[in-house]
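One structure below.
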Amino acid sequence: MSLGLSLLAGVALDVALGEPRRRHPLVAFGRLANWLEAQFNGHGRGWRSHGVSAWCLAVLPLTALTWLLVQLPWVGDLLGIVALYAALGLRSLHEHALPVLDALRRGDLPAARDGVALVVSRDTSALDEGGVARAATETVLENGSDAVFAALFWFAVAGAPGVVLYRLSNTLDAMWGYRTPRFERFGWAAARIDDVLNFVPARLTALTYALLGQTRRALACWRRQAPQWDSPNAGPVMAAGAGALGVELGGAAIYHGEVHPRPALGEGAPAAAASIAGALSLLRRGVLLWLALILLGGWLHA
């Protein structure tokens, strides 16, 4: 089966089924990650070398097994489709963002706060409508890169082994990649490896958002604002996405009871329900554009 057809099948499964409700493979992987962290980072005493060892034990055997299995006829094709389906979060992003959008449109601020609290780590209890819309728009733009475009990129580059390597690495970053006393040293490897794996996909995502929105403004925001952001990959994605939408994002947010100042992102109108809808539209159109380009590239190569 061609790469293009496998991509289409994996995306179609995600759109039709969403994330597996039971026995998601990443749930089992999360248990493995927790066990390894307990072994290598007991009481937060692990060093960077322990984090590297734990990352290798968690990711490399499963990636190698995937590579061996994809050599088998038919099994390899099926495994590729299933691996991409398990790695994608396109429908999941819609399922989490649309209830927030609908609640804002109804004027039901408590429901909107509850909905956005499921997908962001900041304190949402005191957010006004603009704050809720800002948080939801940011998570669609950023997770669109992490959970959709990066998975497509690594599948296109390296097939099932590539997408497995990426998704497992991204999961470990989400579990271990924190600058806290417990994970400052142990989680260093997970965070840096995820930064490396997302470097190219994040910039392709930012370019995609720019091309599909207010291009000149998006590129200007990317160039001016991205370097001010802590994350080397989230900065370009969210700055370009905010500029493409013509909306103001970023700004101070409360995390774990503390106010964290954050640079401004984008420019234009304050965030509102329409910003969430616009971000979801950028995401959908971006996926269609990537699929079309990958299919065209496969046809030309053939």
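A few comments on the model shown:
- Contact annotation: residue pairs with Cβ atoms under 9 Å, 6 or more positions apart or on different chains, pairing a residue in region 39-51 that is over 15 Å from TYR178 (Cβ atoms) with a partner that is among the hydroxyl-bearing types (Ser, Thr, Tyr) and modelled with pLDDT of 95 or more, are PHE40/SER53.
- Residues that are open to solvent by less than 40 Å² (accessible area, probe 1.4 Å), under 27 Å from VAL164 (Cβ atoms) and part of a helix (DSSP H, G or I), drawn from region 196-234: LEU197, ASN198, PRO201, ALA202, THR205, ALA206, THR208, TYR209, ALA234
- Exclusive hit being open to solvent by 40 Å² or more (accessible area, probe 1.4 Å), in contact with a strand residue (DSSP E or B) (Cβ under 6 Å, 6 or more places away or on another chain), more than 23 Å from PHE153 (Cα to Cα) and not basic (Lys, Arg), set GLU248, GLU258, GLU267: GLU248
- Checked against (1) under 30 Å from GLU95 (Cβ atoms); (2) out of contact with any Gly (no Cβ under 8 Å at 6 or more places or on another chain); (3) surrounded by 13 or more Cβ atoms within 10 Å (Cβ to Cβ), ALA12 passes all but a single condition, namely (3).
- Matching residues, region 38-71, being open to solvent by less than 80 Å² (accessible area, probe 1.4 Å) and either part of a loop (DSSP other than H, G, I, E, B) or not hydrophobic (A, V, I, L, M, F, W, C) (or both): ASN41, GLY42, GLY44, GLY46, SER49, HIS50, GLY51, SER53, PRO61, THR63, THR66, VAL70
- Whichever residue in region 270-302 is out of contact with any Lys or Arg (no Cβ under 6 Å at 6 or more places or on another chain) and part of a loop (DSSP other than H, G, I, E, B) and, among such residues, is modelled with the highest pLDDT: ALA272
The values are calculated or read from the model by the stated rules, or taken from the named source; none is laboratory data. Owing to the predicted nature of the structure, the values given are computational and were not obtained by experimental measurement. Note that each Cβ is placed from the backbone with ideal geometry, even for glycine, and that neighbours are counted across all protein chains shown. Surface accessibility is based on the protein's heavy atoms, side chains included, excluding ligands, DNA and RNA. Shrake-Rupley method; radii C 1.70, N 1.55, O 1.52, S 1.80 Å.
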